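Presented below is the structure to which this report refers.
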Amino acid sequence: MTQPSVVLATASYDHTIRFWEAKSGRCYRTIQYPDSQVNRLEITPDKRFLAAAGNPHIRLFDVNSSTAHPVISYDSHTNNVMAVGFQCDGNWMYSGSEDGTVKIWDLRTATCQREYESRAAVNTVVLHPNQKELISGDQNGNIRVWDLAANSCSCELVPEVDTAVRSLTVMWDGSMVVAANNRGTCYVWRLLKGTQTMTYFEPLHKLQAHDGYILKCLLSPEFCDPNRYLATASSDHTVKIWNVDGFTLERTLTGHQRWVWDCVFSVDGAYLITASSDTTARLWAMNTGETIRVYQGHHKATICCALHDGAESPPT
């Protein structure tokens, strides 16, 4: 198979992963995933592999192959893997699980190199753009910063006691972090550098974004600048787009019939892909808030999506 310029994948409770032609909406490849549901999908920076986080494994699939078998499996978690992502050069992978741990993996050997104890089910993990800190959010409402150089937890926050942190997102330049919780609230902090490498959180804003759960929050990418947006996907069937300058509501994306579990921006921030319990994924135009394409083919809830429409390898 030739390398597609746009890699778009979704996963569903129907135990399949589907690859789509973004423009036409045609599904060109389906991978059966019988072992478990897939909680999260992420594409490697070089566009060659797709990581599927399940229970309790993470499996890596070749984007350009037609084989249904994973290239490699990462196996030391003991419960649902809820978060997965890659270091910018693709040298290592990180994950977070309901087993209460955050792990760092050697991508090639599939060995777990480091493990951090969160002491509660981990729902979300993001890598700071400095590539030196992981930030995790858990079911008990804790946010922790894991300093990879010091190999320890450097910071701990509890924005709302006993309210699960569902999703975390960091601005591409490391200037801001947003945490979304089960009460529809987003907590926003400025990230400040201390005298050492440690990041400090300065409270900036509290946004009551939805009445229902926020299942995913996501800040817009670098090439969207000077416009900066926050997308919040919710159990109220909508995705809201907020202008980060003042956190005013820019628009509400309506069309999904059930919970919206996941969202991902195109590389230039002009489009948004969403995944919903109504079995579909959608492609939205950010400038109008209109649906451009509906991806239909899953038979049960579509709970995660991944998109890579940028350059094959990250700029050095």
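The values are calculated or read from the model by the stated rules, or taken from the named source; none is laboratory data. The structure displayed is predicted, hence computed values, not measured ones. Here the Cβ positions follow ideal geometry from the backbone for every residue, glycine too, while neighbour counts run over all protein chains shown. Please note that ligands, DNA and RNA were not included when accessible areas were found on the heavy atoms of the full protein model with its side chains. Shrake-Rupley method; radii C 1.70, N 1.55, O 1.52, S 1.80 Å.
What the table below lists for this structure:
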| quantity | calculated |
| --- | --- |
| Subset of K47/K240; K103/K132; K193/K240; K47/K300; K132/K206 violating a 22 Å alpha-carbon distance limit | K47/K240; K193/K240; K47/K300; K132/K206 |
| Amide H contacts of M176 (H built 1.01 Å from N, under 5 Å, at least 5 apart or other chain) | M171, L191 |
| Top of T288, T232, T124 by mean-square fluctuation, Gaussian network on the chain, Cα under 10 Å | T288 |
| Proximal charge balance of G212 [Cβ under 13 Å; K/R count +1, D/E count -1] | +3 |
| Gaussian network model of the chain, Cα within-10 Å springs - most flexible of C305, C153, C217 | C153 |
| Gain upon complete extension [N64, Q208; 0.36 nm per residue less C-alpha separation] | 47.7 nm |
| Accessible area (Å², per residue) of the chain, counting only protein heavy atoms and a probe of 1.4 Å | 41 Å² |
| Gaussian network model of the chain, Cα within-10 Å springs - most flexible of V294, V161, V267 | V161 |
| Under 5 Å, built H, 5+ apart or other chain: amide partners of G289 | none |
| Other-chain or far-sequence residues with amide H under 5 Å of L253's (modelled H) | V239, K240, I241 |
| Calculated percent of Cα pairs over 23 Å apart (choose from (i) 57; (ii) 53; (iii) 67), label | (ii) |
